[in-house]
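Here the structure is laid out as structure tokens; the discussion comes afterwards.
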Amino acid sequence: MNRNAGGTPGQNMADNRINEAAALSFHAHGRPGKLEIAPTKPLTTQHDLSLAYSPGVAFPCLRIEKDPEAAYEYTNRGNLVAVISNGTAVLGLGNIGALAATPVMEGKAVLFKRFADVDGIDLEVDTENVDEFVNCVRFLGKSFGGINLEDIKAPECFIIEQRLREILDIPVFHDDQHGTAIIATAGMINGLHLTDRDMKSTKLVVNGAGAASIACVELLKAMGMPHENVIICDSKGVVYQGRTDGMNQWKSAHAVETDMRTLSDALKDADVFFGLSVKGAVTQDMVKSMADKPLIFAMANPDPEITPEDARAVRSDAIIATGRSDYPNQINNVLGFPYIFRGALDVRASEINDAMKIAAAQALAELAREDVPDEVDAAYGGARMNYGPDYLIPVPFDPRLITAIPAAVAQAAMDSGVAKRPISDMDAYRSELTARLDPLAPTMNFIFERLRANPRRTVFAEGEEDRVIRAAMAYRDQGYGTPVLIGRDEEVTDKMKEMGIEDTNGLEIHNARLSSVNRKYTDFLYKRMQRQGLIYRDCQRMVNRDRNVFAACMVACGDADALVTGATRSFAVAYEDIMRVFDPKPNARIIGLQIVIARGQTIFIADTRVHEMPDAETLADIAIQSADYARQFGHEPRVALLSYSNFGQPLAPNTERVREAVKILDSRNVDFEYDGEMAADTALNPELRERLYPFCRLSGPANVLVMPALHSASIAAKLLQQLGGGSALGPMMQGIEKPVQIVQMGATAQDLLTAAGIGAHESID
């Protein structure tokens, strides 16, 4: 099925054209370029310096001398890829030289880091001599875990890659060849699927006989496409057996016996076209002559062999891909190389072989057939993406790529015998992959694994919303239990049909107005509210009309285990509805708690939702509940009660309640570290605290921050997330007698799924 009327990624991005001034400003602004080196170990004391350099650095040096493989343990080699070019074939710019290629190579290194947490470093080799280039890379090879060759003209690129693969025992990968081949093949796999074709009977025409073209053909033949079904054309026409003009050994290997001599001849009745050549190489008449439902991959950059508009003007049944971001189905190498190297590095593969390339292509194709997360839609202007002619392959900002592709590549490396460090637990490896880009993943994995073992019924109160439906389906599909959607039956089912959801097994839809349990829920609510100004009819109307109230009654009466809401209403409104049904837990406060992970440190912040200006008793209660919650997430709490003052300086009325809260905790004999009042820097910096306040009770940096007021809690959480470059989870509701989570208005399907998981997990205990 196609994307809905919301448009395509390309349509949304078309209005965001890149001009020279903007591009130059981007690269020059602030610190020039796109890369910096950042230390991974502290260098704040003389002791740190002695460990990092002389004399401490001698010990790993000696260990590596005895065992070269130890370099992967004591250095960054195992996560370091060199992006190497001589600048002889840069993008569509041609031979611009090594120095001028630097921005491209920097960009490649940035993409490695952004999408797969691989450290890349660019090396520009100023020579066009093959022997010199090979020797340069060869003698630098011990520094890296892999080599990404980039923007080297053909045929030299073939020779360089082959010789380096023979010399080095680390992956050597020419992305212009194999990256393009992998992504194009993934798109073709799904194109064949959508048009009910088989690769072994498909006729392919490739225009262009350079590195990328040859790599595409070789990969497809490795996957079973017959030699005779592939026709390559270059500037001189069809590459046929017996041709001598403009031939080389790489073209000759794919020459076929045929009477066809031109691209026009070759395209008659062809099923698939791969263009890796020049603008305008394909005419509308050529497209007309192709087979039914042709696949046209016009990948020339910056302008394709034929535009999608021109192709569709004569063949409305065509499925089209290009190399451009302003059209659907972009053949973008960033979908491949970061993740391929990630998987190869993680098993210390000695090479990237055909099996690994095929695994990457198949994993990409399979991922495109799955439901697309909200984060992806948001990155592309809100367009709803669904598998179909305009969505053959995933888009670069799909967060699932980091899990799907490296795992497939790593498994293929192990299966084909090139992995020097096999992975024994692939499920754990997938969790590690997710955590590379999402620090909260390990925490959530623990919750979700426990939930799979103890499935729960969770109510999604806003059941007519498409993002809520997607969250509910994910909840079911991932084995967390039974999702219950509250909404009008027809509205929900119609929405699901629009979304392409057919399988409704394991899913429940409840219409509050028509439900058979209305009377039971009304009686329950009336018993609670009859002395709070509500008559029976008022309660009946709330149960019938307010989905939050109905959903809350469902949980309160034991018909479900947990509730999630808040996507369409403000927190205040949702909270008021929920609290008509629930009380706080005995001896507990209702609070909002947020987890922020920034710079490798996990921080719990409370209260971020309920108490505007908590008194001393409330602050003490918040501290105890937050400490308990931190333990549930596997952290030993060190609680700091924050203020703008440090231990009485300055002494002011607003600081007194924080000091009093510490005294209350003293009287309760709690079993966790705590202290206050103190400023945020004092709480988080043990060295500062030891120097100025050696009497402080905290043994390390605080990981639970009890804020003095609601506004400061909210501001702090958002500042940490935005300026600290961190990840945030929550706010999570704590202290309600039944598991209830109220997400922030506008929450994505993933946010809703996470909240549902947290609520459901709470019901297990």
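May I ask you to work out the translational diffusion coefficient for the stretch 591-735 at 4 °C, viscosity 1.567 mPa s, via Stokes-Einstein with Rh from the Kirkwood sum over Cα pairs, reported in whole µm²/s?
88
With an 8 Å cut-off on Cα pairs and a minimum separation of 6 or more residues, tell me the relative contact order of the stretch 261-311 in percent.
On the way: 76 pairs, mean separation 21.9, N = 51.
For the stretch 261-311, the relative contact order is 43 percent.
Under the simplified labelling scheme, the GLN722-HIS227 pair shows an inter-label distance of 6.3 nm, with each label point 7 Å from Cα along Cα→Cβ.
If the stretch 208-255 were replaced by its equivalent ellipsoid, with semi-axes equal to the square roots of 5 times the Cα gyration tensor eigenvalues, what would those be, largest first, whole Å? Show your work: numbers first, answer last.
Details: eigenvalues 63, 25, 15 Å².
The three semi-axes for the stretch 208-255 are 18, 11, 9 Å.
Sequence-ordered 3J(HN,Hα) estimates for the stretch 336-350 from the Karplus curve with 6.51, -1.76 and 1.60 and θ = phi - 60° stand at x, 4, x, 7, 5, 5, 4, x, 5, 5, 5, 10, 6, 5, 7 Hz, glycine and proline given as x.
Share of Cα-Cα pairs in the stretch 178-330 beyond 27 Å, in percent? Before the final figure, lay out the partial values.
Details: 1423 of 11628 pairs.
Counting every Cα pair in the stretch 178-330, those more than 27 Å apart make up 12 percent.
The simple spin-label model puts a point 7 Å past each Cα toward its Cβ; for LEU49 and ASP425 those points are separated by 4.1 nm.
Mean shadow of the stretch 507-620, computed from the convex hull of its alpha carbons, in nm²? Walk me through the numbers before you get to the answer.
Values: hull surface 40.8 nm².
Approximately 10.2 nm², given one-decimal rounding.
Determine the sum of side-chain charges near ALA181: Lys and Arg each +1, Asp and Glu each -1, restricted to other residues whose C-beta is under 14 angstrom from that of ALA181.
Local charge sum for ALA181: -3.
Pairs of alpha-carbon atoms within less than 8 angstrom and 6+ residues apart define the contacts here; what relative contact order does the stretch 335-442 have, in percent? Reported as a whole number, the value is 39 percent.
Is the shape of the stretch 709-762 rounded, prolate or oblate, going by the alpha carbon gyration tensor and its root eigenvalues a ≥ b ≥ c, with a/c under 1.5 for rounded and a/b larger than b/c for prolate?
Working: a/c = 2.37, a/b = 1.47, b/c = 1.61.
Since a/c reaches 1.5 but b/c is at least a/b, the shape of the stretch 709-762 is classed as oblate.
Between the stretch 218-236 and the stretch 52-130, the alpha-carbon centres lie 33 Å apart. For the chain, give the share of DSSP beta bridges that are antiparallel, in percent and rounded to the nearest 5; count only bridges with both residues there. That works out to approximately 25 percent antiparallel.
Averaging the Cα positions of each part gives two centres, and for the stretch 266-287 and the stretch 742-765 these lie 50 Å apart. Ranked by the mean number of other Cβ atoms within 10 Å of their residues, highest first, the peptides 463-472, 501-510, 627-636 fall in the order 463-472, 627-636, 501-510. Normalised by residue number, the volume inside the convex hull of the Cα atoms of the chain is 189 Å³ per residue.
Tell me, what is the percent relative contact order of the chain, built from C-alpha pairs under 8 Å that lie six or more residues apart?
Working: 1434 pairs, mean separation 78.1, N = 765.
The normalised contact order for the chain reaches 10 percent.
Using the reciprocal of the averaged 1/r over all distinct C-alpha pairs, how large is the Kirkwood radius of the stretch 456-559 in Å? Don't skip to the end; give the middle numbers.
Details: mean 1/r = 0.0703 Å⁻¹.
Evaluated on the stretch 456-559, it is 14.2 Å.
Let's test this: bin the Cα-Cα distances of the stretch 335-442 at 5 Å from zero up to the farthest pair and state each bin's percent. Taking all Cα pairs of the stretch 335-442, the binned fractions are 2, 13, 22, 22, 18, 12, 7, 3, 1 percent.
Placing a label point 7 Å from the Cα of ALA253 along the Cα-to-Cβ line, the residues of the stretch 136-161 whose backbone N sits under 18 Å from it are 149, 152-161. With r defined as the distance between the Cβ atoms of GLU69 and LEU514 and R0 fixed at 51 Å, what FRET efficiency is calculated, to the nearest 0.05? The formula returns an efficiency of 0.15 here. Each residue of the stretch 66-74 is assigned a 3J(HN,Hα), and the resulting list reads 6, 9, x, 5, 5, 4, 5, 8, 10 Hz, derived from the Karplus form 6.51 cos²θ - 1.76 cosθ + 1.60 (θ = phi - 60°), x at Gly and Pro.
Sum -39500 (n - 2.57) across every DSSP H segment of at least 4 residues in the chain, then divide by the residue count to get the 222 nm mean residue ellipticity, nearest 500.
Details: 32 runs with 334 residues, N = 765.
One gets -13000 deg cm²/dmol as the mean residue ellipticity at 222 nm.
Each Lys or Arg adds one and each Asp or Glu takes one away; over the other residues whose Cβ falls under 12 Å from the Cβ of THR195, this sums to -3.
Read the figures in this text as sums done on the coordinates, not as results from a lab. Keep in mind the model is a prediction, meaning the values are calculated, not measured. Using ideal geometry, Cβ is built from the backbone for each residue, glycine included, and neighbour counts are taken over all protein chains shown.
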